[in-house]
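Asks: Dropping a structure here in structure tokens format, bear with me for questions.
The values are calculated or read from the model by the stated rules, or taken from the named source; none is laboratory data. Worth saying up front: this structure is predicted, and the values here are computed from it rather than measured. When we count neighbours, we look across all protein chains shown, and the Cβ atoms used for this are built from the backbone with ideal geometry, even at glycine. Surface accessibility is based on the protein's heavy atoms, side chains included, excluding ligands, DNA and RNA. Shrake-Rupley method; radii C 1.70, N 1.55, O 1.52, S 1.80 Å.
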Amino acid sequence: MADFTAMEAWVASAVRWLHVVTGIAWIGSSFYFIALDLGLHRDRNLASGADGEDWQGRGGGVHHIQKYLAAPEQMPEDLGRFEWESYVTWLSTLSLPGENDWEAQAEGPSRHYAEAEGFADVQDIVLGSCSMCHSAEPGWEGLQGAPKGVHLDSAKGIAENAKAIYLQAGLSRAMPPADLSFMERTEREVIRRWFRAAMEG
Ligand code: HEC
């Protein structure tokens, strides 16, 4: 379960990108169809019975587009539709981890982390290596308030940020930045063991 946390962070990042990219595709195709409708020549009395037409080019070839107001006499079997962009954008919103209530429920109350084996040791480590920056009034010069709103100067704050602590200081060495408040390898191991115990317990 604990290693699922790292994978979940990767998946969350991938889904977020999918969301952004399909969102851009959606906006792009919307703009294209708006431009297409605005540029349509509707005064040409087309033999096909279409309401309007336009000729467009971009790179190779020339596109000849005709717009029917209702279904044409013979409906093509392979009518292209521009809907996946909006569907995927919405679906990726629904599955954005961390943005939804079901995730909070699945994680359970942070009390769970405070009760897990090893919490006392983790608290010592975090108070010693993180709280000088991560508090309302950081002792570290140049900081105004807890960085990114992450408060790590109380048991409550530590339990609430269990997953972030695991990712930033247990699994990776992202925190402390540049290992400013030097952390022992064994201390990171203590963080990992505690978080995994909480996930399994
Ligand atoms: C020297 C000051 C300092 C220390 C010590 C420090 N941090 Fe940070 N922390 C920062 C700063 C600055 C940021 C904001 C970084 C940024 O903007 O990308 C940050 C950001 C974070 C974040 C948010 C990351 C994000 O992208 O949302 C977490 C979680 C975090 N720190 C955890 C820890 C933990 C756990 C420790 C101790 C093991 C720790 N920090 C020690 C300064 C510190």
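Asks: Given R₀ = 25 Å, what would the calculated FRET efficiency be for ARG44 paired with TRP84, taking r from the Cβ atoms and rounding to 0.05?
Replies: Using R0 = 25 Å, I get an efficiency of 0.20.
Asks: Could you work out how far helix 185-200 tilts from the main Cα principal axis of the chain, as a 0 to 90 degree angle to the nearest 10?
Replies: Relative to the chain, helix 185-200 is tipped by roughly 70 degrees.
Asks: Between TRP140 and LEU91, how high is the FRET efficiency from 1/(1 + (r/R0)^6) when r is the Cβ-Cβ distance and R₀ = 41 Å? Nearest 0.05.
Replies: 0.45
Asks: Same structure, new question: State to the nearest 20 debye the size of the charge dipole of the chain about its Cα centre, where the only charges are +1 on K and R beta carbons and -1 on D and E beta carbons.
Replies: Result for the chain is approximately 320 debye, rounded to the nearest 20.
Asks: Please list 3J(HN,Hα) in residue order for region 3-17, calculated via the Karplus relation 6.51 cos²θ - 1.76 cosθ + 1.60 where θ = phi - 60°; whole Hz, with x for glycine and proline.
Replies: Coupling constants for region 3-17: 6, 4, 5, 5, 5, 4, 5, 5, 4, 4, 5, 5, 5, 4, 5 Hz.
Asks: Further question on the same structure: Before anything else, pin down the relative contact order of region 108-200: Cα pairs under 8 Å, at least 6 apart, normalised by residue count, whole percent.
Replies: Over region 108-200, the number comes to 34 percent.
Asks: Set the Förster distance to 22 Å, then compute FRET efficiency between VAL190 and TRP10 from the Cβ-Cβ distance, nearest 0.05.
Replies: Between VAL190 and TRP10 the formula returns 0.35.
Asks: Turning to a different aspect of this structure: Using a 10 Å cut-off on Cβ atoms, rank the peptides 46-54, 142-150 from the highest mean neighbour count down.
Replies: Order by mean packing, descending: 46-54, 142-150.
Asks: On full extension of the chain, what length is gained from PHE182 through PHE33, given 0.36 nm per residue of separation minus the C-alpha to C-alpha distance?
Replies: 47.9 nm
Asks: Ranked from highest to lowest mean number of other Cβ atoms within 10 Å per residue, what is the order of the peptides 31-37, 157-163?
Replies: So the peptides 31-37, 157-163, ranked by packing, come out 157-163, 31-37.
Asks: Kindly write out, for region 163-171 in residue order, the coupling ³J(HN,Hα) from the Karplus curve 6.51 cos²θ - 1.76 cosθ + 1.60 (θ = phi - 60°), rounded to whole Hz, with x marking Gly and Pro.
Replies: With coefficients 6.51, -1.76 and 1.60, one gets 5, 5, 5, 4, 6, 7, 10, x, 7 Hz.
Asks: If you average the alpha carbon positions of region 30-65 and of region 122-190, how far apart do those two centres end up, in angstrom?
Replies: That distance is 59 Å.
Asks: Another question about this same structure. Could you provide, to the nearest whole Å², the per residue accessible area of the chain with probe 1.4 Å?
Replies: Averaged over the residues of the chain, the accessible area is 68 Å².
Asks: Right, another one. List, in order, the whole-Hz ³J(HN,Hα) value for each residue of region 24-32 obtained from phi through the Karplus relation with A = 6.51, B = -1.76, C = 1.60 and θ = phi - 60°; use x for Gly and Pro.
Replies: The phi angles translate into 5, 4, 5, 4, x, 6, 4, 4, 4 Hz.
Asks: Continuing with the same structure: Report, by chain and number, residues whose modeled amide H sits under 5 Å from the one on TYR68, excluding near sequence neighbours (fewer than 5 apart, same chain).
Replies: ASP51
Asks: Here's something else I'd like to know. Which percent of the accessible heavy-atom area of region 108-200 goes to carbon and sulfur, probe 1.4 angstrom?
Replies: That share works out to 52 percent.
Asks: Using 14 Å as the cut-off for backbone N distance, which residues of region 110-150 belong to the label zone defined by a point 7 Å from the Cα of ALA174 along Cα→Cβ?
Replies: 148-150
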